[in-house]
Amino acid sequence: MSPTDKAWKGRFTEPTDAFVEAFTASVGFDQRLYRHDIRGSIAHAHMLAAVGIIQESEAALIAEGLSAIEKDIDAGRFTWSVGREDVHMNVEAALIERIGEVGKKLHTARSRNDQVATAVRLYLREGLDGLVGQLQRLGSVLLMLAEREAETIMPGFTHLQVAQPVTLGHHLLAWFEMFLRDAGRLKDARARLNVMPLGAGALAGTSFPIDRHMTAQALGFTRPTENSLDAVSDRDFVIEFTAAAALIMVHLSRIAEELVLWSTPQFGFIELADGFCTGSSIMPQKKNPDVPELLRGKSGRVIGHLTALLVLMKGQPLAYNKDNQEDKEPLFDTLDTVRDSLRALTELLPATTFHRKRMREEARRGYPTATDLADYLVRRGLPFRDAHEAAGRAVRLAIDRGVDLAELPLSELKTCSALIEADIFPVLTLEGSLAARDHLGGTAPRQVHEAVARGRTRLADLEGRPA
């Protein structure tokens, strides 16, 4: 088969227009599927032999030829042809050139429609496993840092205003929870995509007595797909993955925004390592947080891919349409972007310096123990709304005096509520505030250490979770 020959040449009397040939070709980007395409073809050939459609010797020759082609591609010795459209026809044509007429038997009982659907599922399954592994590594880094910073006091924010004191360890564990859910979503998506379209043919199955269960088992799928029309036209597994990936990037973006803020002189909570920053071409003093900023920016890229895939599918009738060729570039770029972004954060965090003294200083601003004062009054019998009002009056006093709540004299605190006694002062310290929330999910150092231990178990459970 020459590079200009088409698989459908028997039907046509004129050659494909040169521009149309280039416009419709996908080999420039789908060649990265070669390994998965070859794997599917080898399994298909062995199945054809097992059911008697081709000879065992022919299947062996096909498998040997495909393995040799894979090695050529790995070594950069393979020449890709736009004239052969896509990865599938390039590999098949190379097989025929290598082993002759037997190579033409490989495509028996299959179509490129079920062939590409199978290759994409194999490719994405492998990619998902890689991303779950990266999320687990990032989770381990966060648990290590959370344990180390279990007693580091920092301000907790709502509306970006100081709200209550927390620990840096507790804050890092919030990031951990995000990524643990992300890993769970990827595992769930993997379970749904792990069914095999091969054998669905172009859209209506095949008249040959194939054994789809045999092929599915050989390729590690849980089962064959149930419906041939759905099998070749379905791309919701790509969309589901991209939706999960978009959430990962949203989480990365939120964390990146905090890192950008924390690295400013106004916050001064962290110092990013030089290797993760750049300078300015004009301002000598600048140290720009480029890696977090790019993490924040790349989220829009993946969110855009999700939108593109949803729009791609929304108007398609059953079954396969050429539109589906456009699913691959968003998918490939999403995998690449999420993979690189997770690696960037996993390497950046251990290299970051956390300024504990500064965090503690800032935790004292904004009267973060006012809620503890209200809770104190509730425990002394005051209804919460009245306690809230009394604590608010105490804050107003402290603002007028320019002091912290704990620095107000007892006599002035008593003007806010006669229930306040001298035992209020330990409650109004940062440590007292943290200790008061020493319960499951709380911010006290003991709870952080216990949450880290549970986190390690949850990561291990994720590793063994069935897909």
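Remark on the range 257-347: Rg and Dmax equal 18.8, 60 Å (Cα only).
Normalising the Debye intensity of the range 206-294 to I(0), with uniform scatterers on Cα atoms only, and taking log10 at q = 0.11, 0.12, 0.20, 0.25 Å⁻¹ returns -0.58, -0.62, -1.01, -1.22.
For Met196, the residues 5 or more places off, or on other chains, whose built amide H falls under 5 Å of its own are Arg223, Thr225. Taking His44, His449, His439 and ordering them by how much accessible surface each has at a 1.4 Å probe, largest first, produces His439, His449, His44. A 1.4 Å probe over all protein chains sorts Lys357, Lys71, Lys298 by accessible area into Lys357, Lys71, Lys298, starting with the largest. Only lysine pairs 8 or more places apart, or on different chains, with alpha-carbon atoms under 20 angstrom apart are counted in the chain, and they number 9.
The accessible-area ordering, largest first, of the residues Trp80, Trp175 stands as Trp80, Trp175, per a 1.4 angstrom probe. Its alpha carbons considered, the range 374-449 gives a radius of gyration followed by a Dmax of 13.3, 40 Å. Our Cα-only numbers for the range 320-401 put the radius of gyration and Dmax at 26.0, 73 Å.
At full extension, Gln161 and Ala453 could sit 102.0 nm farther apart than now, given 0.36 nm per residue minus the alpha carbon distance. Taking amide H as placed 1.01 Å from N in the peptide plane, the amide H of Thr167 sits under 5 Å from that of Met154, each at least 5 places away or on another chain. The stretch between Asp400 and Arg223, if pulled fully straight at 0.36 nm per residue, gains 56.6 nm over its current Cα-Cα span. Each part gets one Cα centre, and for the range 203-260 versus the range 282-312 those centres are 26 Å apart. From helices alone, the chain scores -19500 deg cm²/dmol at 222 nm; the rule is -39500 (n - 2.57) for each run of n ≥ 4 DSSP H residues, then divide by the residue total.
Which option, (1) 61, 23, 19; (2) 35, 25, 21; (3) 30, 26, 23, is the value of semi-axes √(5λ) of the Cα gyration tensor in Å that was calculated from these coordinates? This structure yields the entry labelled (1).
Note on the range 60-210: the C-alpha convex hull projects to 14.9 nm² when averaged across all orientations.
The values are calculated or read from the model by the stated rules, or taken from the named source; none is laboratory data. These numbers were taken from a predicted model, which means no experiment stands behind them. All accessible areas refer to the heavy atoms of the entire protein, side chains included, with ligands and DNA or RNA removed. Shrake-Rupley method; radii C 1.70, N 1.55, O 1.52, S 1.80 Å.
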